[in-house]
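Just below is one structure, and these are the notes that go with it.
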Amino acid sequence: MSTDKEYTYSDVSEHTTKKDLFVVIHDKVYNASTFVDEHPGGEEVLLDVGGQDATEAFEDVGHSDEAREILNGLLVGGLKRQPGDPSPKTPAPGATATGTKPKADASAGVGLYAVILVGGLLAFGAYQYIQSQGTSK
Ligand code: HEM
């Protein structure tokens, strides 16, 4: 299936049934019909955004990289915007305004390293102390 095809909003809005379901995410058009039944978030949410721009809904959930790979496999073409179409819902790169929570992983990682470092220093200090006790006798 060619992915060079361009769809207009009105083209996309004709594909709203479970067996023929298009969604727009980041200005690309995806055919979600083969995936509806397998979606871990349920078929309802996908049917809700069928034929529409699902960028916000998709990003708000914070889908994994795996979900994005699946999405790549469903790509059918690009979105051709026309005057009067709904404005792009694509958030600016790095924006968190749509409710996407920034990941806390980085700070948790730093905390873990701090604990290991302090633990290591304490162990080293204790070792030095024991050594000095042993030699002074
Ligand atoms: C075709 C587009 C979509 C694909 C390929 C997709 C794929 C996935 C995948 C693979 C997961 C499992 C968790 C993960 O890997 O992140 C997931 C979970 C989920 N998805 Fe989607 N999704 C799509 C669209 C949507 C939309 C539009 C919504 C609307 C709200 C949605 C809502 C959810 C929710 C709520 C979960 C969490 C389910 C749970 O953990 O119980 N998804 N999706």
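The values are calculated or read from the model by the stated rules, or taken from the named source; none is laboratory data. Quick caveat: nothing in here was measured; it's all calculated off a predicted structure. Ideal geometry is used to build each Cβ from the backbone, glycine not excepted, and the neighbour counts take in all protein chains shown.
Things to note:
- Test: residue 62 is touching a residue at least 40 places away in the same chain (Cβ under 8 Å) and of a type in the set (Gly, Ala, Ser): no
- Of residues in the stretch 14-30 being surrounded by fewer than 18 Cβ atoms within 10 Å (Cβ to Cβ) and under 14 Å from residue 77 (Cα atoms), the one farthest from the ligand (Cβ to nearest atom): 27
- All of 42, 51, 78, 84 fail the test of being modelled with pLDDT under 95 and either away from the ligand (no atom under 13 Å from the Cβ) or at positive phi (or both), apart from 84.
- Matching option when the condition is modelled with pLDDT under 95 and within 15 Å of the ligand (Cβ to nearest atom), among 109, 94, 99, 62: 99
- Considering 6, 14, the condition of being in contact with a Lys or Arg (Cβ under 6 Å, 6 or more places away or on another chain) and in contact (Cβ under 8 Å) with a residue 12 or more places away in the chain is satisfied by 6 alone.
- Among (1) touching a helix residue (DSSP H, G or I) at 6+ places or on another chain (Cβ under 9 Å); (2) closer than 25 Å to residue 6 by Cβ; (3) more than 6 Å from the ligand (Cβ to nearest atom) - the single one residue 56 does not satisfy: (1)
- Residues satisfying the criterion are present in the stretch 61-79 (criterion: closer than 23 Å to residue 19 by Cβ, over 15 Å from the mean Cα position of the chain (by Cα) and in a helix (DSSP H, G or I)).
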